[in-house]
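What follows is a set of notes on a single structure, which appears directly below.
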Amino acid sequence: ATVGTPWYSGLSSGRAIEAFTYAYEISNSPKYIAYTKLLLHGFYQPIQRGGFTYQENNGWWYEEYADSNLHTPHVINGHIYATLGVYRLWLTTQNDSARFIYQKGIKSLRNNLPHYDAGDGWSYYDLQKKKSDKQYHKIMVGLMEQLWIITGDEIYQQYHKKWKAPLD
């Protein structure tokens, strides 16, 4: 399936939030936090209504690129970068909404992570079982390590080790 236009992006929103958070830390200008709050609203928009979030009982999934026709592949790094961008904002501001969005994203990732394991030490790019190329896989190994450090959850350490093994 292909994604139609226009499409919306959790990855882009998360990365923009992260950039604005860093800008705030450097400049101490409140305008950058105001921008992040506007972007946070997007995380509450369900994909069915033109947003980029699947709001499910097992957590919220933030699509890297999404359209309202639900042609969405659930790209894992897009979800992770969206979640990590919001995490950075929460660390900096202690914003309750950022904490909530981060926690929902981490819950979804933890519950869906096994679907991205090809079983041979390699990762999938998306739920359509497209195997990661070597460069993307290296990024996933790094993200698993980062998530393990942030959360202390051993599932990320396990995937870090498992996915790193073929690269050693």
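The values are calculated or read from the model by the stated rules, or taken from the named source; none is laboratory data. Values in this document were obtained by computation on a predicted structure and should not be read as measured data. Ideal geometry is used to build each Cβ from the backbone, glycine not excepted, and the neighbour counts take in all protein chains shown. Keep in mind that these areas ignore ligands, DNA and RNA; they rest on the heavy atoms of the full protein, side chains included. Shrake-Rupley method; radii C 1.70, N 1.55, O 1.52, S 1.80 Å.
Evaluated against (1) touching a His at 6+ places or on another chain (Cβ under 6 Å); (2) closer than 27 Å to PHE20 by Cα, LEU127 falls short on exactly one condition, (2). With respect to the stated conditions, HIS79 fails to be open to solvent by 80 Å² or more (accessible area, probe 1.4 Å), under 25 Å from PRO46 (Cα atoms) and modelled with pLDDT of 95 or more.
THR72: modelled with pLDDT under 95 and open to solvent by less than 70 Å² (accessible area, probe 1.4 Å), yes or no?
For THR72, the condition - modelled with pLDDT under 95 and open to solvent by less than 70 Å² (accessible area, probe 1.4 Å) - is met.
Scanning segment 26-68 for residues that are among the charged types (D, E, K, R) and in contact with a helix residue (DSSP H, G or I) (Cβ under 6 Å, 6 or more places away or on another chain), we see that the one that is least open to solvent (accessible area, probe 1.4 Å) is GLU63. Candidates are the residues of segment 90-128 that are over 30 Å from GLU25 (Cα atoms) and among the hydrophobic types (A, V, I, L, M, F, W, C); the one that is least open to solvent (accessible area, probe 1.4 Å) is LEU113.
If I ask for residues that are under 19 Å from LEU84 (Cα atoms) and either open to solvent by 60 Å² or more (accessible area, probe 1.4 Å) or in contact with a Pro (Cβ under 8 Å, 6 or more places away or on another chain) (or both), which ones from segment 148-168 would you list? Steps first, answer last, please.
Of segment 148-168, the ones under 19 Å from LEU84 (Cα atoms) are 148-157, 159-160.
Result: TRP148, ILE149, GLU154.
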